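None of the figures in this text is laboratory data; all of them are computed from the coordinates on show. Remember, predicted model here, so these are calculated numbers, not experimental data. When we count neighbours, we look across all protein chains shown, and the Cβ atoms used for this are built from the backbone with ideal geometry, even at glycine.
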Amino acid sequence: MPQKKLKQPQKKASAAAEKQRKLAAKATKRTTEDIVKSSEKTVAHIDKVSETTASSTEKENVIVADKETEASELEEVKPPAQTGSGYIRPTLAPITSHYGAREGLDASGFHKGTDFGGAPGSPIYASKSGTVVIAQNDGAPVSGYGMATLIQHEDGNYTLYAHQSSQSVHVGDKVSQGQVIGGMGSTGQSTGTHLHFEIRTSMYGGEGNLLNPELFF
Ligand SMILES: [Zn+2]
């Protein structure tokens, strides 16, 4: 029975082979699992990438929105709108001091116009179409007003723009409502950058010849 004896090792061998095969299959399975897992990781990674892409797209949208906001802000650097009075605010800057008796001052502290506080050089707009009758740096009839412009209007009134940093119109110029006539400054008797704006019923202004600008816009 030598064959039987031979069979045993054969069986053992085949058992060993079977074990090898199973191990190999297990190894293959593990490899497959690894591949699946790693491809899942890849998918997850792709998801993350697409998330990043999405968020960067969102950021781009935000930037675009900001640009749109900036663009609309630039569009707003147009003169203030008409309110029906025929006059417009001469600047986009806010009012810092009202026309009339100033608080804490006596009657002589009467404020002849409206002050607007803004950045140096910010545009000053013609409040109404008209003809430039004064464009000078101080001296009568705009003493103390520094660089000032006076525009005569068809309704008989005049608008005065004082303490300018620059002037872009000359005496005799016809100006349109909303046209830039100069930049905001602090020339003359002024303690800070602002526009002093008056509506006068006569060229020389003064008591009895002034209107409250704030009633016009
Ligand atoms: Zn003033």
> What is the log10 of I(q)/I(0) for the range 99-217, computed with the Debye formula using one identical point scatterer on each Cα and no solvent, at q = 0.09, 0.17 Å⁻¹?
Replying inline: -0.21, -0.77
>> If I model a spin label at Ser168 and Arg102 as a point 7 Å from the Cα along the Cα→Cβ vector, what separation in nanometres do I get?
In response: 2.9 nm
> Counting Lys +1, Arg +1, Asp -1, Glu -1, what net charge surrounds Gln189 among other residues with beta carbon under 15 Å of its beta carbon?
Replying inline: -1
>> Taking amide H atoms as placed 1.01 Å from N in the peptide plane, list the residues 5 or more away in sequence, or in a different chain, whose amide H sits under 5 Å from that of Gly182.
In response: Ile124, Ser168
